[in-house]
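Engineer: Before I ask anything, let me first share the structure, which is written out below as structure tokens.
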């Protein structure tokens, strides 16, 4: 019986580090990011008009190429101040305890990249 519990626990923990399914990542993005960054990531969400500086255009291929996934994770978890940017971008510290959801959200942000030249 102890071995079964250990195997089940191991399977559960392994699942925690997998990226979130696309629909979950999209939901996270729509709830936490889209109000400022917009549904397509262009920085034109409904809450963006009063923000200075304006939210970043996440679809910009040059910006996408300039940041790695570790930076995006730190930015998402710690917010703008956590990476020396605007204090207006709130962090999502709860995602630090949900690595699969965090990885899924980073993957979703990567999908927003528009084709470059």
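The values are calculated or read from the model by the stated rules, or taken from the named source; none is laboratory data. In this text the structure is predicted, and so the values were computed from the model without any measurement. Using ideal geometry, Cβ is built from the backbone for each residue, glycine included, and neighbour counts are taken over all protein chains shown.
Engineer: Name the single residue, out of those in the range 99-115 being at pLDDT 95 or above and either part of a loop (DSSP other than H, G, I, E, B) or touching a strand residue (DSSP E or B) at 6+ places or on another chain (Cβ under 8 Å) (or both), that is surrounded by the fewest Cβ atoms within 10 Å (Cβ to Cβ).
Structural biologist: 113
Engineer: Counting only residues that are under 18 Å from residue 73 (Cα atoms) and without any contact (Cβ under 8 Å) to a residue 40 or more places away in the chain, how many does the range 46-61 have?
Structural biologist: The qualifying residues number 3.
Engineer: Another question, if that's okay. Filtering the range 76-98 down to residues that are free of Cβ contacts under 8 Å to residues at least 12 places away in the same chain and assigned to a helix (DSSP H, G or I), which residue is surrounded by the most Cβ atoms within 10 Å (Cβ to Cβ)?
Structural biologist: Going through the qualifying residues, I end up with 80.
Engineer: Out of the residues in the range 59-73 that are surrounded by 15 or more Cβ atoms within 10 Å (Cβ to Cβ) and in a helix (DSSP H, G or I), which is farthest from the chain's Cα centre (by Cα)?
Structural biologist: Applying the filter and picking the extreme gives 64.
Engineer: Among the residues of the range 22-58, write down those that are farther than 27 Å from residue 100 by Cβ and outside any loop (DSSP other than H, G, I, E, B).
Structural biologist: Within the range 22-58, 48, 49, 50 meet the criteria.
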